[in-house]
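Undergrad: Here it is: the structure, laid out below.
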Amino acid sequence: MSSLLQTPIDYLKGVGTNRADLLRTELDIHTFQDLLNFFPFRYIDKTKYYKINELQRNSADVQVIGKITHIKTVEQKRGKRLVADFIDDTGKMELVWFRGHKWIKENLKLNTAYVIYGKVNHYNGTFSMPHPEMEPYATHKEEVKIAMQPVYSSTEKLTNKGITQRFMGKMMQQVFIQTGATYEETLAAPLREELKLISKTQALRNIHFPKNSELLAKAQFRLKFEELFYIQLQMLSKNLQRKQRLKGFPFDQVGEVFNDFYENHLPFELTNAQKRVIKEIRNDLGSSAQMNRLLQGDVGSGKTIVALMCVLLAIDNNFQAVLMAPTEILAQQHYQGIKDLVAHLDIKVNLLTGSVKKSARTLIHEALEDGTLNLLIGTHAVLEDKVQFKNLGLAIIDEQHRFGVAQRSKLWRKNTIPPHILVMTATPIPRTLAMSVYGDLDISVIDELPPGRKAIKTVHRFDSHRLRVFRFIRDEIEKGRQVYVVYPLIQESEVLDYKDLMDGYESIVRDFPLPEYQVSIVHGQMKPADKDYEMQRFVEGKTHIMVATTVIEVGVNVPNASVMIIESAERFGLSQLHQLRGRVGRGAEQSFCILMTGHKLSDDSKTRLETMTRTNDGFEIAEVDLKLRGPGDMMGTQQSGVLNLKIADIVKDNNILKLARSYAYAILKEDPSLSDDSNAIYRKIYKLLGKDKTIWKYIS
Ligand code: ADP
Ligand code: MG
């Protein structure tokens, strides 16, 4: 890295201390290098001109050539505005100013050709442009040599203090002059040749001063590739190192318990996806490296049985296992389910939750410590320091998003060597995101549902059709089914939301009266014991309808419930809608999900509803969600670098990401420590990266 690039921005000619301070505080630009790596976020084609009769409502970045024929001042309630008639050979539009009138009147010439640039409004049948950028056509023609003019992100404060787009352009020119305009290469020659990547120097020049659109595209590709490549190199390498460094317990024998279960007690044939995933996990467990694996599988894809088979493997190798769930109800369901599954095996399973009595708890503690308890299922309670294992070898965490990193590390410390960790989640993470966020975790995916499942039928209904929906519910209950009705509960509008919930509950009770119908209600303001009681009644089939807020979102399993009504569905995010829908479709019957909304819907809401009615595929839904919301709102992104990307976009540049990852992988596979001469560039940058997360400080 050239030290010249590390020169403080104060030393750039024409900047000065005041502006340098602003650049530091507003844009995090401290050095020449930071400035070079401050990439435009879009480009305007300054060679494209519109005719007035081609203008569209609300178009931005519009450039028109024409003349001012007349200027007038219009008085209005809140001050004056200046309006100019602007014409070309196809029509007339207006230019409008709300301030700076004196200057404009004195400087603008009538009947002289100007180029105007800005955003177009449409009002009373006339197009107008407020506060256009203006330039006499004669000088414009001289100056515009590049088609693509860069636009840098800016702040109001910067613009007010004179750091405009034009000034930014000047600084860029100056920084190229003062740094000699040639830059050290950061990608090895063979790779550049293979991918036909332009040089670093060419890329930097063309990202700021594109010669033409073709070179701009090449510059963008090269820099995006570089950014993603180094992130992937870092992640993949960390993963490799973790495997080498962290010894785990090898579960190298497949023994009696596993085989007995597999051959004699498996209640169904495993799906191919389940078999594949079990194989992946067994490979991990059999090696001497500690496993750190994320198991993704849509609701109902059968993760529990996979978890259980891993537990049996641990037991066969004389280790204990723990299975942790986020709620008491879920832990209980796991406990019941698993106890039934292993009824014929000679293993001991216990449940530990907050409500387990002290005497029973003491017994569990003892059995854990002397090793007679093979599997502990529970809630957060299992994390307490008092809970000590004789030999914990495997920890499984269900519905991972409810647990934090700190809790995971508590599990790590429950044995001298950290146990193998399997995290199970039903929130599908788009592959793109998983690659960038969880690059240092191994991922297994169950992408197939057990056979014979009927796809849930999803429809969208407006509130005005409620009576028809109620009739449908009545028919389903008549057939012996149960129904969920879910209301949104958002913290910011909690009071109103509770009112909606209670109103909804009352209207349902009115339409489904006792003694014929039993209706339960569950929400977050109830005491846990009352909540559990109502839940339990529904699980046992004693109530027909469960009215609830999203507390039922995670994990509850009631196979007889076949209808999910989601009220104000437009207010839910896609992943939440999908999670909620997953509560039905668990039995043999045809299930239904009805999304209720009012008539007023935003475009995003429409897309969400359309996506839900079109597909049941959690991964497809997650991809749409990522496109709608961007990576910032997706789980897990906060800790990772994906939000700090300077030029690549993990959604739009998915293909470049895959490419970058495959190259990083290939390089590390051949040369894990990057010690080969041919990898000298990567080694050098990798070392620098280790100290800092912001990749671009070092890849210049
Ligand atoms: P999830 O992945 O949502 O945790 P579960 O493990 O609870 O899913 O499984 C959902 C249901 O599917 C359970 O009733 C389970 O017994 C059943 N199941 C799982 N795997 C299979 C399979 N291969 N064939 C048939 N049914 C299965
Ligand atoms: Mg589950």
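The values are calculated or read from the model by the stated rules, or taken from the named source; none is laboratory data. Fair warning: this is a prediction, and the values are worked out from it, not measured in the lab. Reconstructed Cβ throughout: ideal geometry from the backbone, glycine too, with neighbour counts over all protein chains shown. Side chains are part of the model used for accessible areas, which takes the heavy atoms of the whole protein and leaves out ligands, DNA and RNA. Shrake-Rupley method; radii C 1.70, N 1.55, O 1.52, S 1.80 Å.
Undergrad: Sort through A426, A406 and tell me the only one that's modelled with pLDDT under 90 and within 16 Å of ligand 2 (Cβ to nearest atom). Full working, then the answer.
TA: Numbers: A406 fails: within 16 Å of ligand 2 (Cβ to nearest atom).
The unique qualifying residue is A426.
Every residue, every condition in (1) more than 36 Å from the chain's Cα centre (by Cα); (2) away from ligand 1 (no atom under 16 Å from the Cβ); (3) open to solvent by 30 Å² or more (accessible area, probe 1.4 Å); (4) under 28 Å from D442 (Cα atoms), yes or no:
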residue: K357; (1), (2), (3), (4): yes, yes, yes, no
residue: E369; (1), (2), (3), (4): yes, yes, yes, no
residue: H380; (1), (2), (3), (4): no, yes, yes, yes
residue: S409; (1), (2), (3), (4): no, yes, yes, yes
residue: H420; (1), (2), (3), (4): no, yes, no, yes
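Undergrad: Could you list all residues from the range 328-353 that are surrounded by fewer than 21 Cβ atoms within 10 Å (Cβ to Cβ), polar (S, T, N, Q) and within 16 Å of ligand 2 (Cβ to nearest atom)?
TA: Across the range 328-353, the qualifying residues are Q333, Q336.
Undergrad: For the range 587-676, which helices (runs of 4 or more DSSP H) that fit wholly inside it have 1 or more residues that are under 13 Å from the mean Cα position of the chain (by Cα) and modelled with pLDDT of 85 or more?
TA: Values: elements: 603-614, 618-629, 654-670.
It comes to 618-629.
Undergrad: Now a separate question. From the list V483, V519, pick out the single residue that is touching a Phe, Trp or Tyr at 6+ places or on another chain (Cβ under 8 Å), within 12 Å of M546 (Cα to Cα) and aliphatic (A, V, I, L, M). Can you show your working first?
TA: Working: V483 fails: touching a Phe, Trp or Tyr at 6+ places or on another chain (Cβ under 8 Å).
Being touching a Phe, Trp or Tyr at 6+ places or on another chain (Cβ under 8 Å), within 12 Å of M546 (Cα to Cα) and aliphatic (A, V, I, L, M) holds for just one of V483, V519, which is V519.
Residues checked against (1) in contact (Cβ under 8 Å) with a residue 40 or more places away in the chain; (2) open to solvent by less than 20 Å² (accessible area, probe 1.4 Å); (3) not small (G, A, S):
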site	(1), (2), (3)
K243	yes, no, yes
G255	yes, yes, no
T271	yes, yes, yes
N283	no, no, yes
M291	yes, yes, yes
L295	yes, yes, yes
S301	yes, yes, no
V306	yes, yes, yes
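Undergrad: How many residues are surrounded by 13 or more Cβ atoms within 10 Å (Cβ to Cβ) and assigned to a helix (DSSP H, G or I) when one looks only at the range 476-493? Write out each step before concluding.
TA: Just the residues of the range 476-493 that are surrounded by 13 or more Cβ atoms within 10 Å (Cβ to Cβ), to begin with: 476-477, 481-490, 493.
From the residues that got through so far, the ones that are assigned to a helix (DSSP H, G or I) too are 476-477, 493.
The total comes to 3.
Undergrad: Another question, if that's okay. Which one is farthest from T427 (Cα to Cα), of the residues in the range 598-622 that are loosely packed, with under 15 Cβ neighbours inside 10 Å and of a type in the set (S, T, Y)?
TA: Checking each candidate, the answer is S602.
Undergrad: Within the range 685-700, can one find any residue that is among the polar types (S, T, N, Q), modelled with pLDDT under 90 and out of contact with any Ser or Thr (no Cβ under 8 Å at 6 or more places or on another chain)? Reasoning before the result, please.
TA: The initial filter retains those residues of the range 685-700 that are among the polar types (S, T, N, Q), namely 694, 700.
Filter again for modelled with pLDDT under 90, leaving 694, 700.
Now narrow it down to the ones that are out of contact with any Ser or Thr (no Cβ under 8 Å at 6 or more places or on another chain): 694.
There is at least one residue in the range 685-700 that is among the polar types (S, T, N, Q), modelled with pLDDT under 90 and out of contact with any Ser or Thr (no Cβ under 8 Å at 6 or more places or on another chain).
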